[in-house]
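Structure record follows, encoded as structure tokens.
Nothing in this text is a laboratory measurement; each read-out follows from the coordinates by a stated rule. Keep in mind it's a predicted model, so treat the numbers as computed, not measured. Cβ atoms come from the backbone with ideal geometry, glycine included; neighbour counts cover every protein chain shown.
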Amino acid sequence: MRRALVPLVALLVACQDRAPESPTAEPPPFVAPPSTGAPASATQPTATAAASPPAPFVPEKVWAEGKAMGTHLAFAAYTSPTIDAPKARAAWADAVAEIQRIEALMTTWREDSEISKINAAAGKEPVVVGGETLQVIQESIHTSEISEGTFDITFETLHGLWKFDQDLDPHPPKDADLKAKVKLLGYKHIKVDPAKSTVFLDKAGVKISLGGIAKGYGVDKAVAVLEKAGLTSFFVQAGGDLFARGKKPDGSEWSAGIRDPRGTSEKYFALIPLTDHSFSTAGDYERSYMIGAKRYHHIIDPRTGYPAAASRSVTVWAPTALLADAIDDAVFILGPEKGLKLVESLDGVGAVIVDAKNKVWVSKRLEGKVKITGVPTDAP
């Protein structure tokens with residue numbers, strides 16, 4: 001399972017970005033004043049020139065960036081008659097602050113976070129957490145239940161064995177060390193008491209991380225902030241997770257590119273339109289290393305403790321960023337056949353998979369929506 005980022009996804013927003021042309025406004029016809037009963041010889045009022053119509057509103061595209069949850073944040077939006085560029089940027093600043101607030105609750109990089117407190121109390125006692133942390137952990141357990149345990153936040157128990165982050169070390173751990181830790185993996189070690197709002201890890205040594213789902217939750221919370229501010233056409237991106245709300249002013253959809261898992265970072269093999277939907281990609285290429293012809297990467301199968309081998313990349317299209325963020329890892333590990341079965345069982349969810357043999361699979365809900373623009377590069 002992944003611990004931090006998923007590969008960065010580029011938004012393709014160049015096509016039809018100009019505002020739609022407005023019809024030419026003509027001045028209203030002059031209307032004679034009602035008769036006053038004055039004799040015909042009386043002086044008639046002189047018609048004044050009609051006022052010039054106001055210039056038609058032209059939406060402006062606003063870009064902004066940020067950083068949180070160890071990843072790059074990006075934002076684009078179109079202004080409206082009530083939300084100008086400064087207001088849009090102020091709303092984005094509030095959205096970034098919201099993502100950073102979620103990070104403070106759910107990171108494992110701070111000892112005072114709720115997740116760190118749960119880990120420190122493993123095998124000892126339950127820990128009281130806030131409603132948001134409780135909700136995300138419950139969603140994580142549900143995803144584990146429907147995915148044959150392939151999504152499992154107890155993957156953090158393996159922390160320190162595999163090193164794919166800033167501590168990159170291109171040497172796999174010893175098999176004996178992995179086997180010892182894998183015995184502690186399993187979402188059933190997580191005991192949640194909703195009535196008391198507590199979480200308890202029932203065995204010492206078990207650890208959890210929300211790195212595979214919290215970023216999606218953060219994106220959803222940022223979207224809520226932007227909507228409350230009055231924005232109706234925008235996208236939010238956090239690494240490989242993004243959500244697009246509404247359409248562009250010309251009526252076209254936002255569009256996201258699916259990266260070629262063996263190509264350069266700028267190369268894409270497909271496009272997915274996005275309107276009121278999220279998009280998340282899990283790939284084996286961003287945090288990985290090669291030993292001979294074998295690739296080792298950060299998406300770990302909790303059933304074995306080793307990197308999953310059934311897929312090269314999985315892109316999930318879903319109604320919420322939280323769902324897309326959680327499901328992409330599970331589908332990646334399950335592989336195309338079981339993964340697509342899971343995808344089709346969820347309302348509003350679709351997927352594009354590049355399997356281990358470089359074959360592209362498209363789920364039924366995305367047939368006719370996804371535009372395949374090329375063939376993924378075939379390489380180890």
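Side notes on the structure shown:
- For the range 269-331 versus the range 73-108, the gap between their alpha-carbon centres in whole angstrom: 26
- Around the Cα centre of the range 202-297, unit charges on the Cβ atoms of Lys, Arg, Asp and Glu (plus for the first two, minus for the last two) sum to a dipole of about 340 debye.
- Euclidean distance of C-alpha centroids, the range 359-380 and the range 112-176, integer Å: 32
- Candidate aspartates and glutamates for bridging to Lys359, where Cα separation is under 20 Å - those fewer than 8 sequence places away on the same chain excluded: Asp260, Asp284, Glu286, Asp328, Asp329, Glu337, Glu344, Glu367, Asp378
- Expressed in Å, the radius of gyration and Dmax of the Cα atoms of the range 105-223 are 14.4, 45.
- Between amide H atoms placed 1.01 Å from N, distances below 5 Å from Asp276 occur with Ala244, Arg245, Gly246, all of them 5 or more places distant or on a separate chain.
- Nearby aspartates and glutamates by direct alpha-carbon distance to Lys248 (threshold 15 angstrom, same-chain neighbours under 8 apart not counted): Asp17, Glu21, Glu60, Asp276
- Given Lys117/Lys179; Lys267/Lys371; Lys67/Lys215; Lys117/Lys183, the pairs whose alpha carbons are separated by over 18 Å: Lys117/Lys179; Lys117/Lys183
- Altogether, the Stokes-Einstein calculation at 4 °C and 1.567 mPa s, with the Kirkwood radius of the range 106-169 over Cα pairs as Rh, returns a diffusion coefficient of 97 µm²/s.
- Karplus 3J(HN,Hα) series, Hz, for the range 61-77 with 6.51 cos²θ - 1.76 cosθ + 1.60 (x for Gly, Pro): 8, 10, 10, 7, 9, x, 8, 6, 6, x, 9, 7, 10, 9, 8, 9, 8
- Rounded to the nearest 500, the 222 nm mean residue ellipticity of the chain from helices alone is -7500 deg cm²/dmol, with -39,500 (n - 2.57) taken per DSSP H run of at least 4 residues.
- Distance distribution note for the chain: the fraction of Cα pairs above 39 angstrom is 26%.
- Using only side-chain charges placed at the Cβ, +1 for Lys and Arg and -1 for Asp and Glu, the dipole size of the chain relative to its Cα centre rounds to 740 debye.
- Under a Gaussian network description of the chain, with springs only between Cα atoms under 10 Å, the residue in Ala88, Ala293, Ala351 that fluctuates furthest is Ala293.
- Relative contact order of the range 253-380, taken over Cα pairs closer than 8 Å and 6 or more residues apart, is 27 percent.
- As a proxy for reagent exposure, Met106, Met69 were ordered by neighbouring Cβ count within 10 angstrom, fewest first; the result is Met69, Met106.
- Helix runs (DSSP H) in the chain reaching 18 Å along axis by Cα, Kyte-Doolittle at least 1.6: 321-334
- Net length gained if the chain between His72 and Asp94 were fully extended (0.36 nm per residue, minus Cα distance): 6.3 nm
- For Ala270, the residues whose amide H sits under 5 Å from its own are Ile258, Thr373, ignoring neighbours fewer than 5 places away on the same chain, with H placed 1.01 Å from N.
- With 0.36 nm allotted per residue and the present C-alpha distance subtracted, the Glu60-Ala293 stretch has 79.0 nm of extension available.
- Translational diffusion of the range 253-380, µm² s⁻¹ [Kirkwood Rh, Cα pairs; Stokes-Einstein; 10 °C; 1.306 mPa s]: 109
- When each of the peptides 309-321, 263-275 is scored by how many other beta carbons lie within 10 Å of its residues on average, the order from highest to lowest is 309-321, 263-275.
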